[in-house]
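Step one of this worksheet: look at the structure below.
Nothing in this text is a laboratory measurement; each read-out follows from the coordinates by a stated rule. Because the structure is predicted, anything quoted here is derived from the model rather than measured. We place every Cβ from the backbone using ideal geometry, glycine too, and count neighbours over all the protein chains shown.
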Amino acid sequence: MRTPRRLAFFLAISIGLNLFLGGVIASHLFWRGDHWRMGEPRAEKISRHIFHRRAAAATLDGDHRHMADEIWRQGREGHRAHFRAMRQSRQEIRQILTADDFDPKALAAAYETLNQQLSTARSGLGVAISEIAEKLPPEARKRYFDAGFRRPDHGGFHRSPPHRN
């Protein structure tokens, strides 16, 4: 009588574990939330949506890779300052929205500030990208930007669909 009871107990645990793992896997495949990228540093989460610099640099050989890394290093402090200001603007918007007294003019001004900071950050990144594009030979430039503008998808990269004119 003990053996069937044990088997039933282990069967119940096995079914519960399988259902749990199946739910985790299914939600990972179908629910594409950012919280699944738990091991990613904050800077990677920000740059993931703009340009994947490390994936792009991996396609270059020694001298070209060093040159591209140096261009990014030169603008690093400026980029950090822009992203820090954007983060602060988002916090101000959150404070305005959660305050006891809602001020629509303050919210509009905060959004305007955030949009200006976003534009400044993008233009700074655009300067670095265009400087790299000017200095790379055509074949290396194609490999670099193909890899850099791929969209991340659950740990891997897939190409964006081609643009049609």
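Odds and ends about this structure:
- Label-point gap, in nm, between H66 and V24 - each point 7 angstrom along Cα→Cβ: 4.5 nm
- Scoring 11-17, 126-132 by mean Cβ neighbours within 10 Å over their residues and listing the highest first yields 126-132, 11-17.
- Cα-based shape type of the range 79-119, given that a ≥ b ≥ c are square roots of the gyration tensor eigenvalues and the cut on a/c is 1.5: oblate
- Averaging the sequence gap over all C-alpha pairs within less than 8 Å and six or more residues apart, then dividing by the number of residues, gives the range 51-149 a relative contact order of 53 percent.
- Anisotropy class of the range 51-149 from Cα gyration tensor, a/c 1.5 cut: prolate
- In nm, spacing of pseudo-spin labels at E112 and R141 (7 Å Cα→C-beta vector): 3.9 nm
- Multiplying the residue separation of R54 and T120 by 0.36 nm and removing their Cα-Cα distance gives an extension gain of 21.5 nm.
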